[in-house]
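The values are calculated or read from the model by the stated rules, or taken from the named source; none is laboratory data. No experiment lies behind these values; they were computed from the predicted model shown. Cβ: placed from backbone, ideal geometry, glycine included. Neighbour counts: every protein chain shown.
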Amino acid sequence: MDPKKVEHCLDRAIDFLYRSQLPWGEFKTLASWNFLMIPAYYDSSPFGTGLILHNLKGLNDKRVSKMIDKAITFLLSEKEERGTWRFWTSRNKKRIPPDLDDISVISSGLKLYGVQFEDNKDIVLNNRNKEGLFLTWVLDERHKKNLFWKLAAEDADCVVNVNVLTYLGRSLPEVCSYINGLISEDRSSSYYYPSKLAFFYFVSRAVRFGVTCFKKNRKRIINSVLSCQKKDGSFGNEMETALGLNTLFNLNYFGKETEEGISYLLRGQRKNGGFKKQVYFLGIPWWFLALSPFYGYYGSEEITTGVCIEAFKNYLSQR
């Protein structure tokens with residue numbers, strides 16, 4: 001494939017993100033009550049911006065530098081005491097307890113750029129169950145007495161656990177055993193991330209952050225991702241294709257499959273330089289929080305575009 005075509009699409013995708021970033025530094029997160037995300041509404045959250053910080057790392061572009069500076073300012077403005085974050089921002093009328101996914105993804109994103117903030121690792125390390133797995137929700141005594149949050153209290157999501165290890169930058173035996181067991185069974189147990197490719201993507205990213213215990217399953221993950229590829233070169237939709245490609249790139253796999261996957265993404269880029277809004281993650285289960293209607297499906301053009309930018313960047317880096 002001609003690298004110039006990929007460079008051109010990467011440039012257009014960066015330009016889309018640059019134009020789409022909100023004045024205060026946030027990248028939009030959209031919520032919907034259905035998997036097609038039609039209709040969808042803006043649901044202000046720091047999480048998508050934290051994800052995009054990771055996607056943009058390593059790009060030498062003035063627009064990217066400006067986006068990163070604004071994103072960091074926004075994320076620091078949403079930081080709460082003891083270095084914690086919650087899914088909804090201060091601009092959002094809804095409230096929710098802090099959670100380790102937001103804390104870990106945002107903290108590791110800020111860490112990538114050398115940003116200093118309160119040491120929150122004690123909060124993270126102390127939020128575990130008796131099996132040593134990390135609990136998703138950081139609950140105070142008031143929430144622990146609430147019926148909905150009592151049900152959520154023991155939630156230990158596999159992707160959240162991987163993201164915690166990514167932030168900590170090290171392996172913990174209990175978590176590694178649990179995650180490697182899922183990999184060996186070729187499945188994800190995550191409620192919040194419905195695609196198995198999202199699970200593998202975050203595992204591959206953990207490996208790049210120094211979590212060595214997953215390396216032994218490198219070939220198993222690669223084979224599982226490759227088995228998901230379709231005749232048109234995709235691994236599903238644009239989001240899943242970008243997740244699959246980044247997993248392969250993070251694990252140092254390059255071949256005809258990645259060429260075909262990149263070709264699919266090039267064909268899927270929209271006229272405005274972005275990519276379709278597609279589901280990346282889910283909100284809290286409806287039985288944990290009484291919201292009607294249940295806006296539980298999350299993603300946005302910006303979030304999909306961020307993952308695609310990472311795929312283009314990773315592809316070009318091995319040329």
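Out of curiosity, is residue 261 without any contact (Cβ under 8 Å) to a residue 60 or more places away in the chain, touching a helix residue (DSSP H, G or I) at 6+ places or on another chain (Cβ under 6 Å) and either more than 26 Å from residue 111 (Cβ to Cβ) or outside any helix (DSSP H, G or I) (or both)?
On the way: without any contact (Cβ under 8 Å) to a residue 60 or more places away in the chain: yes; touching a helix residue (DSSP H, G or I) at 6+ places or on another chain (Cβ under 6 Å): yes; either more than 26 Å from residue 111 (Cβ to Cβ) or outside any helix (DSSP H, G or I) (or both): yes.
Spelling it out, residue 261 is indeed without any contact (Cβ under 8 Å) to a residue 60 or more places away in the chain, touching a helix residue (DSSP H, G or I) at 6+ places or on another chain (Cβ under 6 Å) and either more than 26 Å from residue 111 (Cβ to Cβ) or outside any helix (DSSP H, G or I) (or both).
Looking at region 145-166 only, could you name the residues that are touching a strand residue (DSSP E or B) at 6+ places or on another chain (Cβ under 9 Å), touching a residue at least 40 places away in the same chain (Cβ under 8 Å) and farther than 17 Å from residue 188 by Cα?
Within region 145-166, 149, 152 qualify.
Checking the condition of a type in the set (D, E, K, R), surrounded by fewer than 21 Cβ atoms within 10 Å (Cβ to Cβ), in contact with a helix residue (DSSP H, G or I) (Cβ under 8 Å, 6 or more places away or on another chain) and within 21 Å of residue 112 (Cα to Cα), which residue from 220, 208, 187 passes?
The unique qualifying residue is 208.
Could you tell me which numbered condition residue 232 fails, if it satisfies all but one of (1) assigned to a loop (DSSP other than H, G, I, E, B); (2) in contact with a Lys or Arg (Cβ under 9 Å, 6 or more places away or on another chain); (3) under 18 Å from residue 303 (Cα atoms)?
Result: residue 232 fails condition (3) only.
Just to verify a result, which residue in region 236-263, among those that are charged (D, E, K, R) and more than 13 Å from residue 308 (Cα to Cα), is surrounded by the fewest Cβ atoms within 10 Å (Cβ to Cβ)?
Filtering region 236-263 down to residues charged (D, E, K, R) leaves 238, 240, 256-257, 259-260.
Checking the rest, the ones that are also more than 13 Å from residue 308 (Cα to Cα) come to 256-257, 259-260.
Values: 256: 8, 257: 18, 259: 13, 260: 19.
Checking each candidate, the answer is 256.
Give me the helices (runs of 4 or more DSSP H) completely within region 123-179, filtered to those with at least 1 residues that are surrounded by fewer than 21 Cβ atoms within 10 Å (Cβ to Cβ) and of a type in the set (Lys, Arg), ordered by residue number.
Ranges flagged: 141-144, 147-152.
Mind counting the residues in region 154-169 that are at pLDDT below 95 and within 20 Å of residue 105 (Cα to Cα)?
Number of matching residues: 1.
Return yes when residue 243 is in contact with a Cys (Cβ under 7 Å, 6 or more places away or on another chain) and part of a helix (DSSP H, G or I) and no when it is not.
No, not satisfied.
Which one of these does residue 55 not meet: (1) loosely packed, with under 13 Cβ neighbours inside 10 Å; (2) within 17 Å of residue 106 (Cα to Cα)?
(1)
Among the residues of region 58-79, write down those that are assigned to a loop (DSSP other than H, G, I, E, B) and either in contact with a helix residue (DSSP H, G or I) (Cβ under 9 Å, 6 or more places away or on another chain) or crowded, with 17+ Cβ neighbours inside 10 Å (or both).
Kept after step one, since they are assigned to a loop (DSSP other than H, G, I, E, B), are these residues of region 58-79: 58-61, 79.
Matches in region 58-79: 58, 59, 61, 79.
Which is in contact (Cβ under 8 Å) with a residue 24 or more places away in the chain, basic (Lys, Arg) and at negative phi, of 187, 142, 170?
Sole residue among the options that is in contact (Cβ under 8 Å) with a residue 24 or more places away in the chain, basic (Lys, Arg) and at negative phi: 170.
Picking from 120, 129, 60, 55, which residue would you name as being of a type in the set (S, T, N, Q), more than 24 Å from residue 156 (Cα to Cα) and over 19 Å from the mean Cα position of the chain (by Cα)?
60
Take the residues in region 3-42 that are among the acidic types (Asp, Glu) and part of a helix (DSSP H, G or I); name whichever of them is farthest from residue 93 (Cα to Cα).
Step by step, filter region 3-42, then rank; the result is 7.
Can you find a residue in region 226-248 that is of a type in the set (Ser, Thr, Tyr) and more than 27 Å from residue 29 (Cα to Cα)?
yes
Every residue in region 80-110 that is basic (Lys, Arg) and crowded, with 19+ Cβ neighbours inside 10 Å, please.
Passing the criteria: only 86.
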